[in-house]
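This report refers to the structure that appears directly beneath it.
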Amino acid sequence: MITTVLMIEKPMVPTDVQLVTTLHGEEPQSFVVLMQPRGDQDRLLRALDDVALGELRDAVQEADVPEGEEATGPAEAALARSLDALRATGAEAVGRLVEDHPLDLLTAVVEETGADEVIVLTAPHYVEELFHRDWASRARHKVGVPVLKLFAHAE
């Protein structure tokens, strides 16, 4: 069985589920999904990413999206939907919300589970990627297993 730690920041859509569950062919899979609730500390970076992508309307509407403690409920719902979708494919899946430092939790979960790999499923974050401050770049130096970065699909 392949054990994958999967970091997400929004609910997985069917295309995402198909992508991560077919990477290893017919090999049975087990997922530990870590969901990062939206934090207010990333507001400027998200706005810059929106501008870089030409999505000016999204940059202006950043304040309308729940952040911090207000984001916990939506994050729990997104995690539950993602776990249900993974389980529907026959994969084992458990998950938890990231409460503090995502990379510290990721490292601990990799060690606890003996994970074979990490997949970071995220929207493009051009500013962070440019300076190698995105989750995947930083995780490659911490976790001791292969880290694959995939771009999440839109609903």
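The values are calculated or read from the model by the stated rules, or taken from the named source; none is laboratory data. Keep in mind that what you see is a predicted model, and the values were worked out from it rather than measured. Every residue, glycine among them, receives a Cβ derived from its backbone with ideal geometry; neighbour counts consider all protein chains shown. Heavy atoms of the whole protein, side chains included, go into the accessibility calculation; ligands, DNA and RNA do not. Shrake-Rupley method; radii C 1.70, N 1.55, O 1.52, S 1.80 Å.
What is the extension gain from Val13 to Phe151, computed as 0.36 nm multiplied by their sequence separation minus the C-alpha to C-alpha distance, in nm to one decimal?
Full extension of this stretch gives 48.5 nm more.
What FRET efficiency comes out for the pair Leu23/Thr72, r = Cβ-Cβ distance, R0 = 35 Å, nearest 0.05? Could you put the intermediate results ahead of the total?
On the way: r = 30 Å, r/R0 = 0.85.
Taking R0 as 35 Å, the efficiency between Leu23 and Thr72 is 0.70.
Calculate the tail of P(r) for segment 1-41: the fraction of all Cα-Cα distances greater than 14 Å, expressed in %.
Values: 439 of 820 pairs.
For segment 1-41, the share of Cα pairs beyond 14 Å comes to 54 percent.
Starting from the Cα-Cα distance between Lys142 and Leu103, subtract it from 0.36 nm times their residue separation and give me the gain in nm to one decimal.
On the way: separation 39, 0.36 × 39 = 14.04 nm, distance 0.79 nm.
Between Lys142 and Leu103, full extension yields an extra 13.3 nm.
Using a cut-off of 12 Å between beta-carbons, work out the net charge of the residues near Ala80 (Lys and Arg +1, Asp and Glu -1, Ala80 not included).
It works out to a net charge of +1.
Might you work out the accessible area of Arg138 for me, using a 1.4 Å probe with all protein chains in place, and round it to the nearest 10 Å²?
Its accessible surface works out to 80 Å², give or take rounding.
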